[in-house]
Amino acid sequence: MKLQEFTSSAHNFEECMKCTVCAAYCPVVQVNPRYPGPKQAGPDGERLRLKDPIFFDEALKYCLNCKRCEVACPSGVNVADIIQEARMKYGKSKPRLRDRILASTDVMGPLAVPFAPVVNFATGLGVTKAVLHATMGIDRHRTFPKYSSRTFEAWFRRNALKEQRKYDNRVAFFHGCYVNYNYPALGKDFVKIMNAIGYGVELLDKEQCCGVAMISNGMYDGAVKHARNNVSALSKAVDKGLKILTTSSTCTFTMRDEYPSLLKVDNSAVRDSILLATRFIYEQVESGAVKLAFKDGYKARIAYHTPCHMEKLGWGVFSKAILARIPGVEFTALDSNCCGISGTYGFKKENYGVSQAIGKPLFDHIASVNPDFVACDCETCKWQIEMSTGYKVLNPISVLAEALDLEKTARINGF
Ligand code: SF4
Ligand code: SF4
């Protein structure tokens, strides 16, 4: 596919009424004077770029693609898509080696997992960080996510696959790179909960990274390949009548909305079947199909952070409702703020200061609430919040797995 084929499809820039509401909600505008802002970079700039591509401004690279402008826009202008498509079409800068490494999560994962203790030790050393800062442009202040010594897929095949066959009801699980290579415990929690509410879990046939990091690092051809592969794998599950559940709001958003809007990959056969696990569980409980039994004496003060892509999905309500209803939980919904990491953006030394400045209101709010831990459906927000505040961050699925009496839940659901 040629890059030109990506561009200029459903632009609705003419619907902009120049209210500048989007600028008030853009986290970059607040801290980076070099960024022209969503209105100027999006609809205003698009009018000029269509006249002459010379009007393309390389400062569009500062956009996080967080979609907050789209959530705020009263006219429904797809501001962030317009900006991203302009970068795809007119951007001159090519991804650097650093960008390729940061974006290739499912290449780096299989390389790192067999040597996880060594890799984790080495990437935690100050000297390694200094070298990466000087040679690759990965900021020395960053904490790298740890790799697991065994992938989630390997654990699942060996420890869970056989057990899943006893369930008549099934769901497919898109685990994503983070669960597979970094944090299999989250995938295990997901399987435990699904089994307790009477669902067996299947993995997809040849899942690949959703491609979000490739999109943000300008590797569009690679992102399209991944999207096509995943739509094909997801289609096989949908053909079997399965819902596809995820534990990552960003993977969910990318596969549902970025595939067709940015990558022009038709996902219409699978889109509505891709759900965040918390939404699925919430709907099962609300419909009365499933009951949850909680441990006696569970207590936690939880502050929930809504990731930007979750804001765009509009699904934060499901995770919040599930957490807030756990007996013994003192729940706070944090103000809606970007954490500043935006996937790999905050790892780059030229973005580190902006990334931390964007996240500061969120970090301050967490400190003022002083919870036992933060809950969040996005792995990169987790890295950013843990590094910047010292508070532990858990996915709502892991919180639920800890709070539930799994045996009792299985029993009352007839399993
Ligand atoms: S919020 Fe929407 S309508 Fe208002 S300036 Fe931004 S893009 Fe235009
Ligand atoms: S996507 Fe985010 S960073 Fe980009 S213009 Fe919109 S609000 Fe600003």
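Read the figures in this text as sums done on the coordinates, not as results from a lab. Treat the numbers as computed from the prediction; the structure is a model and nothing was measured. Glycine gets a Cβ as well: all are built from the backbone with ideal geometry, and neighbour counts include every protein chain shown.
Based on alpha carbons, the Rg and Dmax found for the chain are 21.2, 66 Å. Think of the chain as having a plus end and a minus end, set by charges on the Cβ of Lys, Arg, Asp and Glu; of Pro145, Val21, Pro260, Pro145 sits farthest toward the positive end of this dipole. Amide H contacts of Arg170: Gly200, each under 5 Å away and 5 or more positions distant or on a separate chain (H built 1.01 Å from N in the peptide plane; Pro and chain starts excluded). Neighbours of Val29 by Cβ distance under 13 Å: Lys/Arg scored +1, Asp/Glu scored -1, total +3. From the alpha carbon centroid of region 40-115 to that of region 266-289 is 29 Å.
If you run the Gaussian network model on the chain, springs between alpha carbon atoms under 10 Å, then out of Cys73, Cys376, Cys209 the most flexible one is Cys73.
Within the chain, DSSP assigns beta bridges of which about 10% are antiparallel (rounded to the nearest 5). Here the extension length gained between His141 and Val317 equals 60.0 nm, from 0.36 nm per residue of separation less the Cα-Cα distance. Placing unit charges on the Cβ atoms only, positive for Lys and Arg and negative for Asp and Glu, gives region 300-406 a dipole magnitude near 220 debye about its Cα centre. Candidate cross-link partners of Lys166 among the aspartates and glutamates, defined by an alpha-carbon separation under 14 Å and a same-chain spacing of 8 or more, comprise Glu202. Legend: calculated FRET efficiency, Ser336 to Asp221, from the Cβ-Cβ distance at R0 = 30 Å, rounded to 0.05, equals 0.30. Modelled this way, with points 7 Å down the Cα-to-C-beta line, the labels at Lys236 and Val118 are 3.3 nm from one another. Using R0 = 30 Å, the C-beta based FRET efficiency linking Val21 and Asp364 works out to 0.80. For the chain, a simple Cβ point-charge model (Lys and Arg +1, Asp and Glu -1, everything else neutral) yields a dipole of about 880 debye relative to the Cα centre. Taking 8 Å as the Cα distance limit and 6 or more residues as the minimum spacing, I'd like the relative contact order of region 3-90 as a percentage. Normalised by residue count, the contact order of region 3-90 is 41 percent. Distance between the pseudo-spin-label points of Met108 and Asp372 (7 Å out from Cα toward the beta carbon): 3.3 nm.
Note on Glu402/Arg47: beta-carbon distance plugged into 1/(1 + (r/R0)^6) with R0 of 35 Å gives a FRET efficiency of 0.10. Maximal additional length on extending the Arg411-Asp168 stretch stands at 85.9 nm, based on 0.36 nm per residue less the C-alpha distance. Sparse packing (at most 12 other Cβ atoms within 10 Å of the Cβ) combined with a DSSP loop state is found for the following trypsin sites (Lys or Arg not before Pro) in region 232-272: Lys240. Annotation note: GluC sites (Glu not before Pro) in region 303-365 located in DSSP loop regions with a Cβ neighbour count of at most 16 within 10 Å are Glu350. In this rough spin-label picture, where each label sits 7 Å from Cα along the Cβ direction, the Val131-Ala59 distance is 3.8 nm. For a straight C-alpha distance cut-off of 16 angstrom, the lysines reachable from Lys225 (same-chain residues fewer than eight places away being disregarded) are Lys2, Lys206, Lys264. Result for the chain in a Gaussian network model with C-alpha springs under 10 Å: among Val399, Val285, Val238, the largest mean-square fluctuation is at Val285.
Under a 5 Å amide H cut-off, with hydrogens placed 1.01 Å from N, Ala300 pairs with Val329, Glu330 among residues at least 5 apart or on other chains.
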